[in-house]
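The values are calculated or read from the model by the stated rules, or taken from the named source; none is laboratory data. Everything numeric here is computed off the predicted structure, so don't read it as measured data. Cβ placement follows ideal geometry from the backbone for every residue including glycine, while neighbour counts extend to all protein chains displayed. These area figures cover heavy atoms from the full protein model, side chains too; ligands, DNA and RNA do not enter into them. Shrake-Rupley method; radii C 1.70, N 1.55, O 1.52, S 1.80 Å.
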Amino acid sequence: MKTLGIIGGLGPESTIDYYQNIIALYRERTGDGSYPEFIINSVDLKKGLDFMDANDLTGMADYLLQGVGKLARAGADFGLISANTPHIVFEEVASKSPIPLISIVEATCAAAKTRKLKRLGLFGTRYTMQANFYPKVFSREGIELVVPDLEDQEYIHDKYLNELVPGKFLPETRDGLLAIVDRMKAKIDIDGVILAGTELPLILRDPDHKGILLLDTTKLHCQAAVAEMFS
């Protein structure tokens, strides 16, 4: 059994979701009552956000590499970064990492391809919605990604960092997020929405909204990780 290492803490709420998902998926797969052994290195979210605000992507990559190095020294055979935004520097981190890393973007793209989805909305932090690391991967598979208009992006980013990351999940925010899904469906006719922020599935818990698929990037990332543990 390969040992998984997780860079957690980006943020803490979704790291708990990763932990629970991996245990559930592992136990479903073994069916013998056993539990998985894996390693979590919980890093400082504030440092990560400071790097993003300063657009210091080299600093962000170096910080993540330090974290991955600790996982490798602790015995991890492979790893993942349990958040979407840091994947802005994934290619750089993966190329220098002492252990193989599983990308949340690649895992989500594979799931979208399997489901034959062609046009998807992209929700996440401002950094994620305005960067090209998601479209770059999805365009290879001929899947179009569209982001909400700027006002809606600001709403998602604000609620994400000021409510969801600190663990505040309000019904009115859930309604606000789903209203953006409705607007995008009416305007662009999307097949689904990528919840490309690992706190988003904690407030949008249903697998779909009025027939529009909501792709839970946390769960898809965990499925890829558990498959690798057994490979």
Exercise. Would you confirm whether any residue within the range 53-67 is open to solvent by 20 Å² or more (accessible area, probe 1.4 Å) and either more than 26 Å from residue 91 (Cβ to Cβ) or within 17 Å of the chain's Cα centre (by Cα) (or both)?
Key: no
Exercise. Identify, by number, the condition in (1) open to solvent by less than 70 Å² (accessible area, probe 1.4 Å); (2) basic (Lys, Arg); (3) under 15 Å from the mean Cα position of the chain (by Cα) that residue 159 doesn't meet.
Key: (3)
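Every residue in the range 37-52 that is out of contact with any Gly (no Cβ under 6 Å at 6 or more places or on another chain) and buried (at least 16 other Cβ atoms within 10 Å of the Cβ), please. Spell out how you get there, then give the answer.
Narrowing the range 37-52 to residues out of contact with any Gly (no Cβ under 6 Å at 6 or more places or on another chain): 37-38, 44, 46-50, 52.
Matches in the range 37-52: 38, 48, 49, 52.
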Quiz prompt | Candidate set from the range 123-148 (those that are in a helix (DSSP H, G or I) and touching a residue at least 24 places away in the same chain (Cβ under 8 Å)); member that is most open to solvent (accessible area, probe 1.4 Å) | solution = 126
Quiz item: Restricting attention to the range 68-102, and to residues there that are under 16 Å from residue 45 (Cβ atoms) and part of a helix (DSSP H, G or I), which single residue is farthest from the chain's Cα centre (by Cα)?
Solution: 89
Practice problem: Return only the number of the condition from (1) farther than 25 Å from residue 167 by Cβ; (2) in contact with a Pro (Cβ under 7 Å, 6 or more places away or on another chain) that residue 30 does not satisfy. | Solution: (2)
Quiz item: Somewhere in the range 27-36, is a residue open to solvent by 20 Å² or more (accessible area, probe 1.4 Å) and touching a Leu at 6+ places or on another chain (Cβ under 6 Å)?
Solution: no
Quiz item: Of the residues in the range 55-79, how many are without any contact (Cβ under 8 Å) to a residue 24 or more places away in the chain and small (Gly, Ala, Ser)?
Solution: 1
Exercise. Scan the range 92-101 and give yes if some residue there is acidic (Asp, Glu) and either over 20 Å from residue 191 (Cα atoms) or touching an Asp or Glu at 6+ places or on another chain (Cβ under 6 Å) (or both), otherwise no.
Key: yes
